[in-house]
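Accompanying notes for the structure given below.
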Amino acid sequence: RAATDYQAEDAAITQGTVATNHTGYTGTGFVDYTNVKGSYVEFTVSAASAGPAALTLRYANGTATDRPMDISVGGTVVSPALSFPATTDWNTWADKAVNVTLKAGSNKIRATATTANGGPNLDRIRIDAPTDTQAPTR
Ligand code: GCU
């Protein structure tokens, strides 16, 4: 398997800013979503071949209120209002996993806030895709 990380601060950000005012992030910062519905971060993910992949979003939510987001791949919502619940404080990060299907080549993966609170703080996504070229023989 091949796992690849894509930092949120390097993605296309609409209604959000790159921030560093909390600890524990990877890369050079994280995305602080603007507190509005519809704010989003869009990643361009490259897949060697078409097929299933595990998408893991690393986030922090220092409030007591869920910050759900629609997860879309290539413009189609594949996980509506995915829950991003509280993580104790803004310095505490958690992983949220969802299974997606990628096409060979470039895929646009977008995480869009569905409430007026905006999204959680988003550190990165990780894509873990099978690289098997042959079926298992067991
Ligand atoms: C605080 C926090 C930010 C966070 C924001 C929010 O301002 O410092 O990192 O993004 O709350 O509620 O979204």
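Each reported figure results from applying straightforward, stated rules to the coordinates on display, with no laboratory input. On a predicted model such as this, the values are computed, not experimentally measured, just so you know. Reconstructed Cβ throughout: ideal geometry from the backbone, glycine too, with neighbour counts over all protein chains shown.
Write down Rg/Rh for the chain, rounded to two decimals, with Rg from the C-alpha atoms and Rh from the Kirkwood relation over Cα pairs. Rounded to two decimals, Rg over Rh is 0.99. Between THR14 and SER49, the modelled label-to-label distance comes to 3.3 nm, taking each label 7 Å out from Cα in the direction of the beta carbon.
Quick check for me: using +1 on Lys/Arg Cβ and -1 on Asp/Glu Cβ, what's the dipole size of the chain about its Cα centre, in debye to the nearest 20?
Charge dipole, the chain, about its Cα centre: 340 debye, nearest 20.
Tell me, rounded to the nearest percent, the portion of alpha carbon pairs in segment 65-105 spaced more than 11 Å apart. Percentage above 11 Å: 70.
Show me 76-82, 8-14 ranked by packing, highest mean number of other Cβ atoms within 10 Å first.
By packing density, highest mean first, the sequence is 8-14, 76-82.
Ratio of alpha-carbon Rg to the 2.2 N^0.38 Å globular estimate for segment 1-67, to two decimals, please. Before the final figure, lay out each step's value.
Working: Rg = 13.6 Å, N = 67, 2.2 N^0.38 = 10.9 Å.
Segment 1-67 yields a ratio of 1.25.
Within the shell defined by Cβ-Cβ distances under 15 Å, the residues around ALA8 carry a net charge of 0, with Lys and Arg each +1 and Asp and Glu each -1. Each other residue within a Cβ distance under 11 Å of VAL78 adds +1 if Lys or Arg and -1 if Asp or Glu, for a net charge of 0.
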